[in-house]
Amino acid sequence: MSAPTVLEPRDLQLRQLQERIRGMQDGVPRIPVITHPALADLLQLRTGGAYEVDSASLAMLLLATPSQEGAWSAVVGAADFGIEAAAELGVDLTRTVLVPDPGEHWLEATAALVDVVSLVLLRPPGDVTARAASRMDARLRKRASTLIVWGRWPGSEARISLRSSSWSGVGEGHGRLTSRRAVIAVQRGSAPARETELWLPAAEGPVRRVRAAADARAALG
């Protein structure tokens, strides 16, 4: 796991300026979206943006906290989206619209849902053209919605990826998987990726950082 990046004052000012620019585009305010506490200091979701993930568990993690706060979400093109796993990670299924197989009309279905829900998870069936992505990005900004793409998306604001993971819980050939220790990387453009290590899921309790859990145990003696 890489060491935390220490920013010089000039670098910090530059990052703050970049955040302000990202917060306003085409004259439309980019409102912060509640992000899971385990990722909060690595990633700030905003309305009007598209974000890439490379696994279902990361997609669910990004949906979970806004869902718990009352936001409506939709899942498009992910026929193998595990609703039980999503519920365990905190996604409120009563506020989730599922469109598992939109066929060739997946882009139109996504655009229609962007108009009415706060977050849309899309699994594209193939490569997405820059033109299609640009048109959808403009719609996201106009409707103050957020797109999470399980796959690749031209011009995405960040890519959240599962670098490595190991499961625990299985004994000598039998047992039940109870927890997974995973290294998560967040990358913006060409900047170096920033990493953290999570229990995703934890054996007991919510998803949390591995280091935070170790520090809590140390504080308790």
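Laboratory data are not the source of any read-out in this text; all were calculated from the coordinates shown. Given the structure is predicted, the values throughout are model-derived calculations rather than measurements. Cβ atoms come from the backbone with ideal geometry, glycine included; neighbour counts cover every protein chain shown.
D for region 47-122, whole µm²/s, Stokes-Einstein with Kirkwood Rh over alpha-carbon pairs at 25 °C and 0.890 mPa s: what number? Working shown, then result.
Values: Rh = 12.4 Å.
Roughly 198 µm²/s, to the nearest whole number.
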Check your understanding: Taking amide H positions as placed 1.01 Å from N in the peptide plane, with prolines and chain starts having none, which residues 5 or more places from A158, or on another chain, fall under 5 Å of its amide H?
Key -> E52
Review point. In whole Hz, what ³J(HN,Hα) sequence does region 49-58 give by Karplus (6.51, -1.76, 1.60; θ = phi - 60°), x for Gly and Pro?
Key: x, 10, 10, 8, 10, 10, 8, 5, 4, 5
**Study point:** Residues of region 26-57 with amide N under 17 Å of a point placed 7 Å along Cα→Cβ from R135
**Key:** none
Point to revise | Convex hull of region 28-159 built on C-alpha atoms - directionally averaged projected area, nm² | key: 7.1
Review point. Modelled label-to-label distance, H105 and I34, 7 Å Cα→beta-carbon offset: nm?
Key: 3.3
Exercise for review: Quick one: net charge around A130, please, counting Lys, Arg +1 and Asp, Glu -1 for every other residue with C-beta under 13 Å from its C-beta.
Suggested key: +1
Revision key, fill the gap. Given backbone amide H placed at 1.01 Å from N, residues whose amide H is under 5 Å from that of V97, ignoring those fewer than 5 places away on the same chain, are S73, A74, V75
